[in-house]
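Rule-based calculations on the coordinates, nothing more; no lab input. Everything quoted here is computed from the prediction, not taken from an experiment. Please note: Cβ atoms are built from the backbone with ideal geometry, for glycine as well, and neighbour counts cover all protein chains shown.
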Amino acid sequence: MNAEISDFHKQIAQSSKRSAFVDPEKLASFVETPSDMPDFLALPLDPLFDPNVNPQAPEATSRSASEQIGDELDPVSSSDSKDNTAPQPKKFPLKNVPARERPRERMHELGPAGITNTELLAIILGSGIQGINVKNVADNLLTEFDGLRGLSRVSSFNMQNVEGIGDVKADVLTAAFELGRRAAQEEIEAPGNAYGSHLPNGETIAWAVAKQFTTRLRDNAQEEMWIVLLDVRNRYRGKSRVYIGCCDQLVAKTGEILSRVIERNLPRYALVHNHPSGKGDPSGADISFTERLVKAGQLLDIELVDHVVLGEDLRSFVSMRQRKLVDFTSPARNNRKVREDVVQQVANPSV
């Protein structure tokens, strides 16, 4: 082999002198080619140079490739590009629920007292939204605001923080709760309804006042003061709100309260206000204010029967008359009692 190469070199040197072309076949015989050399003619043409391929196809291919690179390098932009193709939430309309499980049908079958709070709310709301049926919306309301009582205290504005509740549904719920409160008070506020006999300790009147106003005022975030107007037989003749205070106190005026009673030409009234803390124990300011009202009323022949301070329920209210925190008796009665005591002492000197 070395001899042949040496001869080949000699031929090249001689041919260069004669400026003759070297035999290519013989030159190729000395070049070693791998046995597994691919057949380039059998390989497919690049789409860019293939006349049978759509000229826009390479552009689409390159664009998809760049998108794939972008997906790997910038996941935020890739997620944004897929928003239009993201699967939409499935609807779960209540009509797909079996008829026996729908709130209206259950109420027709069992009556309003036989269905749950969620179902009652669902009936009032009427409909849900895409992806959330009305029962789910009602259940979310009760969960968010800790049940019906918590929901009844929420403003219509805050109700809208729950998905599926707009301004219309929030107003409907607010109106429904207010109707419930008024219905609970309607019976006791009927004209001529007796608050009970005017007992010395005012027990019956205090209970009637507390029963009337606890539902209305116990969930208030502010103190409110109301007067309950009574006739000479202690029959209910109306009510009037005289003050709204802040979260822990209110400032009321004696003249303002007595003027409300004088306007109606009534001889008696009871006073009631709430404590947002839920505790019915009256403060020192409450007691001193009540004493001023009693004294001012005695000058005008207007009797303050009792001052009731409300807590969170009917077990926590306090009657100042029952607790004997204030002397509600009129001077005429006190003088009569003194005279009776003097007569007894004269009749029975040994006593």
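For this structure, a couple of remarks:
- Full-extension gain in nm, Arg235 to Lys211, via 0.36 nm per residue minus C-alpha separation: 7.1 nm
- Anisotropy class of region 94-186 from Cα gyration tensor, a/c 1.5 cut: oblate
- 20 Å Cα-Cα threshold exceeded, pairs from Lys211/Lys239; Lys253/Lys295; Lys239/Lys295; Lys295/Lys324; Lys211/Lys279: Lys239/Lys295
- Near Ile115: Cβ cut-off under 14 Å, other residues only, Lys/Arg at +1 and Asp/Glu at -1. The net charge is 0.
- P(r) histogram, all alpha-carbon pairs of region 217-327 included - 5 Å bins from 0, percent: 2, 12, 24, 25, 21, 11, 4, 0
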